[in-house]
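> Before I ask anything, here is the structure I am working with.
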Amino acid sequence: MNPTDRRVIAVFGSSATSPGSAEYTDGVTCGRLLGEAGFAVATGGYFGTMEAVSRGAAEAGAPVIGVTAPSVFPGRAGANQWVSHEIPAEDLVRRIALLSDLADGFIALPGSIGTLAELLVAWNLAFVAPFAEVDFGPIATVGDTWRELVPQLTDHLNTNSDAVVTCVSVTDAVRHVIGALGQPL
């Protein structure tokens, strides 16, 4: 189903991030680093962090997959200008499933409840992968919220603490994910 010939990193993040903000700049950096390392990126395809990551990857010459949800967001005209491959999903659950199916690795940047839902699905899939005897890609997070929340969830839900790595910077997150996939930054 991957419309590119490259491995894909799904990047989750806020739709409310504004151009010029530090979080937007981090998104552009994340996309650029992934693109320069030879990966395609997949995001929710709209604006905010999704646009920033898409922009950075596209400017680095990488394919950009946007998994949109037109029936959920009818007021949005479609994917952002940096998306080269749009995949419409019928609802948010299918959108997250498509992003999970496409990706070889995952990065969660700062976001809200939607970003949390995407992260939790990836984390759950990573948690159950050993039971199904399948490999599942690395997951990294960036931001104070995830640095606080991931350890709390690990402790309270008795889950695998190795499944999600919390990082201080976007560069560290990209380095972790692509390094875990066997490619240095």
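> Hey, does segment 43-58 have a residue that's within 14 Å of the chain's Cα centre (by Cα) and part of a strand (DSSP E or B)?
yes
> Confirm whether Ala103 is under 23 Å from Thr166 (Cβ atoms) and touching a Cys at 6+ places or on another chain (Cβ under 9 Å).
In short, no.
> Pairs needed: first member in segment 55-70, surrounded by fewer than 23 Cβ atoms within 10 Å (Cβ to Cβ); second member anywhere, of a type in the set (Val, Ile, Thr) and assigned to a helix (DSSP H, G or I); C-beta distance under 8 Å; at least 6 residues apart or different chains.
Close Cβ pairs (under 8 Å, with a partner that is of a type in the set (Val, Ile, Thr) and assigned to a helix (DSSP H, G or I)) amount to Arg55/Val28; Glu59/Val28.
Let's see how each residue does on (1) at pLDDT 95 or above; (2) among the aliphatic types (A, V, I, L, M); (3) outside any strand (DSSP E or B):
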residue: Glu23; (1), (2), (3): yes, no, yes
residue: Gly35; (1), (2), (3): yes, no, yes
residue: Val83; (1), (2), (3): yes, yes, yes
residue: Ile87; (1), (2), (3): yes, yes, no
residue: Ile107; (1), (2), (3): yes, yes, no
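> Identify all residues within segment 70-105 that are of a type in the set (D, E, K, R) and either in contact with a Leu (Cβ under 7 Å, 6 or more places away or on another chain) or under 13 Å from Asn2 (Cα atoms) (or both); write none if there are none.
Selection gives Glu86, Asp101, Asp104.
> Assuming Gly78 fulfils every condition listed in (1) farther than 15 Å from Leu109 by Cα; (2) surrounded by fewer than 24 Cβ atoms within 10 Å (Cβ to Cβ); (3) under 13 Å from the mean Cα position of the chain (by Cα) apart from one, which condition is it?
So the condition that Gly78 fails would be (3).
The values are calculated or read from the model by the stated rules, or taken from the named source; none is laboratory data. Model, not experiment: these values are computed from the prediction. Backbone-built Cβ (ideal geometry, glycine too); neighbour counts: all protein chains shown.
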